[in-house]
């Protein structure tokens, strides 16, 4: 069991089962290194860095591919579609007003979620030893 007060660093004593997924996902959501929580995970808006500048974890094993985009579309669609229906039925706004508000809302929410979901997916891969993340350093 990992103590919540101590920072998560990978040592020789840690085994595959000792990578806590909740901590890793939280760090990935914040776009930080899933191992140390200090280094930047993303180099630019969506480009994954080559390695962590603090703990030197190699990120080249990540395979996020289209997963973040798919999950972003899924989340935004499931949030905005019911809101669109409820707002149309309740207030009956002009179609252009409704379109403008929801277009801006969908784009804004998508731009907010996309890098965070990508960070969480890379962190999930690290926590579950997927790809090359399970190999010894």
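The values are calculated or read from the model by the stated rules, or taken from the named source; none is laboratory data. Bear in mind the structure is a predicted one, so any value in this text is a computation, not a measurement. Neighbour counts are summed over all protein chains in view; Cβ atoms, including those assigned to glycine, are modelled from backbone coordinates with ideal geometry.
Some observations on this one:
- Members of segment 63-86 found to be outside any helix (DSSP H, G or I) and in contact (Cβ under 8 Å) with a residue 12 or more places away in the chain, listed by number: 63, 64
- So residue 122, is it in contact (Cβ under 8 Å) with a residue 24 or more places away in the chain and closer than 23 Å to residue 22 by Cα: yes
- Residue within segment 23-42 that is loosely packed, with under 12 Cβ neighbours inside 10 Å and either more than 25 Å from residue 127 (Cβ to Cβ) or out of contact with any helix residue (DSSP H, G or I) (no Cβ under 6 Å at 6 or more places or on another chain) (or both) present: no
- Enumeration of residues in segment 13-57 that are outside any loop (DSSP other than H, G, I, E, B), more than 26 Å from residue 111 (Cα to Cα) and at pLDDT 95 or above: none
- The set of residues in segment 99-117 that are more than 19 Å from residue 30 (Cβ to Cβ) and either in contact with a strand residue (DSSP E or B) (Cβ under 9 Å, 6 or more places away or on another chain) or loosely packed, with under 12 Cβ neighbours inside 10 Å (or both) comprises 103, 104, 107, 108.
- Any hit, segment 48-56, residues being under 22 Å from residue 112 (Cβ atoms), surrounded by 15 or more Cβ atoms within 10 Å (Cβ to Cβ) and touching a strand residue (DSSP E or B) at 6+ places or on another chain (Cβ under 8 Å): yes
- Of all residues in segment 60-82, those satisfying the criterion of being surrounded by 13 or more Cβ atoms within 10 Å (Cβ to Cβ) and more than 17 Å from the chain's Cα centre (by Cα) are 79, 80.
- Residues of segment 87-98 satisfying the condition of being surrounded by 13 or more Cβ atoms within 10 Å (Cβ to Cβ) and outside any loop (DSSP other than H, G, I, E, B): 87, 88, 98
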